[in-house]
Amino acid sequence: MSKQKGATTMFKSKKEVTEYFRKNIGENTAWAKRALTVIFQYQTIIERSVGETTDHNGVGFTACDAELLTSFAKQQEAGKALSQRQVSLLKRMMPKYAGQLVDHSLYIGRLKKQGRTYTVVKA
């Protein structure tokens, strides 16, 4: 369970952080759209252009999701709004990528690991 310390959110394990991300992505449109953008960036250039997963490198969209989520990401990149149905699908599909997003947050410094504790770093 996360605990709030002032404006800081702390977690006792990576699993707990992942569950927090998963929940927010599934419930919050802004989280889901940001997750889409981040995971799309992990697709290779070829995968982005063809809308398929060609490299099985452990990051990016699954083969089953690649075509649809790539189209959503490109639509969003073009500044076109996603429909309510698309947002609903996005919220249902994106939570499975929470682990990659936690790793990304650690990589860019938005999440810090100190011993066994994970702390969200406010931007």
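The values are calculated or read from the model by the stated rules, or taken from the named source; none is laboratory data. Just so it is clear, the model here is predicted, and its values are computed rather than measured. Virtual Cβ from ideal backbone geometry, glycine too; neighbours counted across all protein chains shown.
Here are some notes:
Yes/no matrix, rows are residues, columns are (1) at pLDDT 95 or above; (2) under 13 Å from the mean Cα position of the chain (by Cα):
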site	(1), (2)
L36	yes, yes
G51	no, no
G60	no, yes
A63	no, no
A78	yes, no
R92	yes, yes
V121	no, no
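- All of (1) buried (at least 19 other Cβ atoms within 10 Å of the Cβ); (2) in a helix (DSSP H, G or I) hold for Y118 with one exception: (2).
- Of all residues in the stretch 65-76, those satisfying the criterion of being modelled with pLDDT of 95 or more, touching a helix residue (DSSP H, G or I) at 6+ places or on another chain (Cβ under 7 Å) and of a type outside the set (A, V, I, L, M) are F72, Q76.
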